[in-house]
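Undergrad: Here you go, one structure.
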Amino acid sequence: MRKIVFAVLLCGVIFSSCHQRPDRILSEDTMTDIITDLQLNDAACQAKGISAVYDSRTYLHYYNQLFDKYNVEPEVFDSSLQWYTVNDIEGLRKIYKRVDKNIEKMREEFPDKE
């Protein structure tokens, strides 16, 4: 009986620790905010004709400003994105659903003027 209880407790600890986010990994809220702004950055660069290939200095300038806004190093964002991709795909799905909602809300607030 003790072995069964121990096995159940061990499984519980293992499964509960799978999604524990290490300290240097950004929270879902911060990831959502940054990815939302990254999408807006991409759209703005595309609208202005700024290409990452042909105008990389300007392109990188916009991205560096974004990371400065959140006081996050690009490497920390990259490692966080990689961590969510490998360790918490459901969390990453939630992040992108929230990003979509954020952008849709902005579209409703600022409709295209044609």
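Read-outs: derived from the displayed coordinates by stated rules, not from any lab. Computed from a predicted model, the values in this text were never measured in an experiment. Because the Cβ atoms are built from the backbone with ideal geometry, glycine has one as well, and the counts that use them run over all protein chains shown.
Undergrad: What FRET efficiency, computed as 1/(1 + (r/R0)^6) with R0 = 25 Å and r the Cβ-Cβ distance, is obtained for Ser27 and Lys69, rounded to the nearest 0.05?
TA: With R0 = 25 Å, the Cβ-Cβ based efficiency is 0.95.
Undergrad: Now for a separate question. What is the gain in length, in nm to one decimal, between Gln46 and Ser79 on full extension, counting 0.36 nm per residue of separation less the C-alpha to C-alpha distance?
TA: 9.3 nm
Undergrad: Provide, in order from the shortest bin, the percent of all Cα-Cα pairs of segment 24-109 in each 10 Å bin, continuing until the bin that contains the maximum pair distance.
TA: Reading upward from the zero bin: 16, 44, 34, 5.
Undergrad: Same structure, new question: Starting from the Cα of Glu109, step 7 Å along the direction of its Cβ; do the same at His61; then give the gap between the two resulting points in nm.
TA: Output for this residue pair reads 2.6 nm.
Undergrad: While we're here: Once label points are set 7 Å from the Cα along Cα→Cβ at both Ile89 and Gln39, what is their separation, rounded to one decimal in nm?
TA: 2.1 nm
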